Amino acid sequence: MITILTSHNHIWSAESVVVDIIKEYQTTGQVVISLNNEGPCCDAVGLYALLDKICLAFDINKSDIKIITCNFEEQHPEYQIEKLPQSWVKTAYISSKGFGYNKKSFYKKKNVLKNIFGCLYNIPSWNRLSLIAYIKNHTNRPNLLACNGTWVADQHNSYYLNPVTDFSPAEIYNIVNLIEEGIYPLPNHPGNKPSAKENTQVLEYYNDFFIDIVAETYTNGLTFFITEKTIRPIYALTPFILFAAQGFLSTLKSDYGFKTFDQYWDESYDVYQNYERIQKIYKVIDYIDNKSDSELVSMYNDMLDILEHNYNRLQEINDKK
């Protein structure tokens, strides 16, 4: 079996992957590819294009190649696709409980006006940098903005700006300025590629801001893959705005029974992806930022039933597993 590591919109060490695939086929007559319990869109990260070239060059039957993924939506007419459960749902839930947090830790405990938006990011992807830059430059209240970017080559959280020019060239000036000014790192977070426990350690800050601006791991192409980034606000009874793949909110509701926040702000951004989606989210950020302090507090109090429902639903899902 070959394990392939992916990140947002590309395959890490693609040249080595090609060599491993050819060697695997020559040795065993088949190829089994694990996506490391993650769920990218194989088309969006370029895996299908890579496999097509290898199969053509080495006369390999596509049916001899199996891809093991956690992408809820993955499908292909020729390559074998094996789908695994969404492992992060349970992993993040157990890890959160392991820190001693429960519903009482967060229910009615939020300091709504201390910070309005929370952006708690590790890898500095184009969309996360765009969101931090926009909130920093266009909102009037304090926010909790953090990202673990580094200039260390080949680290998972290194600044890799090619996708900025691919997906949001209009943001390059704002992002470069943001990086030059410096971005506050996540406290008590190691950066690079953290463990599940380290990913949920930031729950200690969730009572210090109102709305989590979630930026999921895989946002391009046809994919549905939940990570701890979406589970954290649900566990911490925190409302969220989700930068994810097209239809992500819809699937959260229809397949998992969670409720979202379309009665408080416009969630039509869910029918878009990439830069169109982020532009729609900017409008939601502006709308919320223009609310008065009393309106924001009233909004939070009014949505407590939704937040409690989502926490209880997450508990039900994990109790059944």
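Where a number appears in this text, it was derived from the coordinates with a stated rule and is not lab data. All figures in this text were calculated on a predicted structure; none of them were measured in a lab. FYI the Cβ positions are ideal-geometry reconstructions off the backbone, even for glycines, and counts take in every protein chain you see.
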Open item on the list: Can you give me the Kirkwood hydrodynamic radius for the stretch 2-83, using every pair of distinct Cα atoms, in Å to one decimal?
Closed with: 12.6 Å
Task: Distance between the stretch 219-234 and the stretch 266-321 - C-alpha centres, whole angstrom - done: 14 Å
Open item on the list: Just to be sure I follow: if Rg is taken over the C-alpha atoms of the stretch 87-320 and Rh is the Kirkwood radius over the same atoms, what is Rg/Rh?
Closed with: 0.93
Open item on the list: Around residue 230, under 11 Å between beta carbons, what's the net of Lys plus Arg minus Asp minus Glu among the other residues?
Closed with: -1
TODO: For the stretch 154-169, just list the computed ³J(HN,Hα) in residue order, Karplus coefficients 6.51, -1.76 and 1.60, θ = phi - 60°, integers in Hz, with x standing in for Gly and Pro.
DONE: 6, 8, 4, 9, 6, 5, 10, 8, 3, x, 4, 6, 6, 10, 8, x
TODO: Give me D for the stretch 86-212 in µm² s⁻¹, whole number, from Stokes-Einstein with Rh from the Kirkwood sum over alpha-carbon pairs, 10 °C and 1.306 mPa s.
DONE: 100 µm²/s
Task: Translational D in µm²/s for the stretch 235-298 (Stokes-Einstein at 37 °C, 0.692 mPa s, Kirkwood Rh from C-alpha pairs) - done: 259 µm²/s
TODO: Would you mind checking 136/291; 108/259; 253/283; 23/53 for any pair whose Cα atoms are more than 20 angstrom apart?
DONE: 253/283
Open item on the list: Given the -39500 (n - 2.57) contribution per DSSP H run of 4+ residues, what per-residue ellipticity at 222 nm results for the chain, rounded to the nearest 500 deg cm²/dmol?
Closed with: -12500 deg cm²/dmol
Open item on the list: Can you sort 268, 292, 130 from fewest to most other Cβ atoms within 10 Å of each residue's own Cβ?
Closed with: 292, 268, 130
- [ ] Mind jotting down the three principal axis lengths of the stretch 1-149 based on Cα atoms? Whole angstrom, largest first.
- [x] 62, 35, 25
Task: Using alpha-carbon coordinates, inclination of helix 293-302 to the longest axis of the chain, degrees - done: 60 degrees
